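None of the figures in this text is laboratory data; all of them are computed from the coordinates on show. Owing to the predicted nature of the structure, the values given are computational and were not obtained by experimental measurement. Ideal geometry is used to build each Cβ from the backbone, glycine not excepted, and the neighbour counts take in all protein chains shown.
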Amino acid sequence: MHKFTYQDSIKNVLKLTCVARYSFPLLLATTALLAQQAAVVEQDLVSVQPPAASSDAYVQLTLGQNYLWSMHEMFNPVPLLVIAAKAGIDHSDNNPSRWGQGMEGYATRAASHFGRSFLRENIAFGIRAVDHEDPRYFRAHSKGAWKRTGYAASRTFVARSERGGNMPAYSTLVADFATPFIAQTWRPEPISAGRELRSGVMGIGINAVSNVGQEFWPDIRRMLQRH
């Protein structure tokens with residue numbers, strides 16, 4: 001078993017410093033784009049947010065609004081921060097080594113991660129356009145933390161149909177497993193079925209965690225606002 005040493009601690013600090021060094025310029029460069037894109041997307045989506053759990057009202061998305069939802073998933077600050085951080089970590093590890101170091105190497109890694117996000121959201125949208133899935137998360141009507149957690153996790157595999165009722169979440173499942181294989185074609189390493197499948201499973205897990213967050217965050221926010 002590897003024993004954690006003082007040298008390991010220094011190495012981790014240097015790695016985090018490298019992440020911050022290369023992530024910060026990217027965040028500055030995308031600020032203007034974020035402001036412009038967020039204003040357009042939020043204006044169109046503000047009236048089509050999922051109804052509250054206590055309401056049965058349902059407003060169907062137009063095809064354009066459905067795509068704007070994908071744009072929102074790509075361009076809102078949290079995914080861009082994640083992209084910047086992942087690129088910084090890969091850069092500090094020199095992964096892949098053929099992309100080199102310096103700002104050019106970091107920019108290539110950031111572009112690769114953004115390309116994965118862009119590819120995933122467009123694959124998902126293409127499937128939704130055909131099978132009429134609603135990409136929004138609809139909170140549970142049931143009470144109790146465990147029931148709501150189970151419901152949120154199940155929404156990873158079940159989507160709301162624009163025609164009424166529920167249906168399999170083909171768009172997210174196909175996108176999560178197809179994206180790693182396609183995105184690997186622009187990286188220097190050859191495709192590895194095992195690695196790409198593990199990446200797809202990880203994507204499913206991230207979706208489940210995101211759903212749980214969306215289920216409980218409004219309650220947490222209300223609690224914080226009271227104090």
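Provide the gained length on full extension for the span I220 to E104, in nm with one decimal, where the gain is 0.36 nm per separating residue minus the Cα-Cα distance.
Full extension from I220 to E104 adds 37.7 nm.
Scan around N166 for amide H atoms under 5 Å from its own, H built in the peptide plane at 1.01 Å from N, and keep only partners 5 or more places away or cross-chain.
The list, which skips near neighbours in sequence, is S161.
First measure r as the distance between the Cβ atoms of L197 and H141, then evaluate 1/(1 + (r/R0)^6) with R0 = 45 Å and state the FRET efficiency to the nearest 0.05.
Result of the calculation: an efficiency of 0.85.
Per residue of region 134-147, what does 6.51 cos²θ - 1.76 cosθ + 1.60 with θ = phi - 60° give for ³J(HN,Hα)? Whole Hz please, x for Gly and Pro, Karplus curve as stated.
Along region 134-147, the couplings run 9, x, 6, 9, 9, 5, 6, 8, 6, 9, x, 5, 5, 5 Hz.
Through the Karplus equation 6.51 cos²θ - 1.76 cosθ + 1.60, θ set to phi - 60°, convert the phi angles of region 164-173 into ³J(HN,Hα) values in whole Hz; use x for Gly and Pro.
Coupling constants for region 164-173: x, x, 10, 7, x, 7, 4, 4, 6, 5 Hz.
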